[in-house]
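Structure first, commentary second.
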Amino acid sequence: MISVRNLVFGSAFAVSACAIAACGGGTTVVTPGPGPTCSPGETVQMVYPIPGATGVPDNPQQIVFAMASPLPSSWDLAINNSDVLNANTAFTIAGMQTITAGQVPSPSATPAIPNPVYQSVTLASGFTSGQTIYVWLNDRAAANNCTPLGPLGSFTTQ
């Protein structure tokens, strides 16, 4: 049975996925394939929005990660309004871009990684108000041969 709550959250997520589709490479909504976890070979920390943050602007414009060395542009992110990957998971196809520490929006988490490199995935549009978003990293080059890494963090929009 479909509840009103599930219908509202599903619709809100669909709107968010469509909004993100306007970003650089677009968005694809897929069911994650089986396989080992995508491994970047190093620790990756989500720094913006701060994991667990509430009241994040509905249009954060980007999600930023800190790591020891940059990932190839084939890495992107997967987002969902649940902490479990499922058929509603949206994968952005924008790819990672290296940015400077000065380009990380404020407020952001302090990286636990010494001398971090910052990488960002740009979002062209935002999310529905009051929505909790969970974030994973995905290696697009591995296609369906790995399961996205995470969730690395979540945040709730205002």
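Some observations on this one:
- Prolate/oblate/rounded label for the range 59-158 (Cα gyration tensor, a/c 1.5): oblate
- Using 0.36 nm per residue and subtracting the Cα-Cα separation, the extra length available between ILE113 and GLN61 on full extension is 16.4 nm.
Values in this text are rule-based calculations from the coordinates and carry no lab data. Just so we're clear, the structure is a prediction, and the values are computed from it rather than from any experiment.
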